Amino acid sequence: MAKRECGSCTLCCKVMSVPEIGKTENAWCTHCLPSGGCKIYQDRPGECRTFNCGWLMDESLGEDWYPKKAKIVLTMQSGHIVARVDPATPAAWRKSPYFEGLNRIMQKNLPKGMLVYVAISDHFTLLLPDRQAELGVLQANDDVQVEPVSGPNGREYKVTVVKG
């Protein structure tokens, strides 16, 4: 398969923050061109240079997962997977095939200790086998701990957020 490219997609330029240039999450970067691309590409910040879009990196994600179509940018953050949803389409992650796909990703990675979050603006939801845990606003230094426990319906998951 040929190496994937961003093409006309610039959703990461909206949903990601780039503190180096004062760009906040969920606001279009002032350097993003409406036709697609970056007008300071040659001199772009280090965070932009090292950013890896999940769709570009994981060829098992089909064309439906192209961020411009899905309205979701898959990222890695502190060893966990974060599905950053365009706040203009907050329900995008709950639609097929994204909801099922995110749950498959969660099922595959949870045993390895890798959590899967959905982020809409600064609101986080943690995907678990028994539910979606609404975590609310998380800061970068907050720690989310997940512990499997026995419940009346079998294995459940206790979630604790330790504020940093």
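Where a number appears in this text, it was derived from the coordinates with a stated rule and is not lab data. This is a predicted model, so every value here is computed, not measured. We place every Cβ from the backbone using ideal geometry, glycine too, and count neighbours over all the protein chains shown.
Cysteines in the chain that lack a partner Cβ within the 4.7 Å cut-off: CYS6, CYS9, CYS12, CYS38, CYS48, CYS53.
The dipole here belongs to region 12-162: it is taken about the Cα centre, uses +1 on the Cβ of Lys and Arg and -1 on the Cβ of Asp and Glu, and is about 320 debye. Listed from fewest to most Cβ neighbours within 10 Å, the set SER35, SER17 follows the order SER35, SER17.
Here is the P(r) of the chain: all C-alpha pair distances, binned every 5 Å from 0, give 2, 8, 17, 21, 19, 15, 10, 5, 2, 1, 0, 0 in whole percents. Each principal axis of the Cα cloud of region 49-107 was taken in turn, and the coordinate range along them, longest first, works out to 29, 27, 22 Å. Spatial offset of region 133-150 relative to region 5-74 amounts to 26 Å, using the alpha carbon center of each.
Take the alpha-carbon positions of region 1-88, form their convex hull, and give its projected area averaged over all directions (one quarter of the hull surface) in nm². Mind showing how you got there, number by number?
Numbers: hull surface 24.3 nm².
Dividing the Cα hull surface by four gives the mean projection, 6.1 nm².
Relative to the longest principal axis of the Cα atoms of the chain, helix 98-109 runs at roughly 70 degrees. Think of region 79-164 as having a plus end and a minus end, set by charges on the Cβ of Lys, Arg, Asp and Glu; of VAL116, PRO97, LEU126, PRO97 sits farthest toward the positive end of this dipole. Over region 1-42, all Cα pairs binned in 10 Å intervals from 0 give whole-percent P(r) values of 29, 51, 17, 3, listed from short to long.
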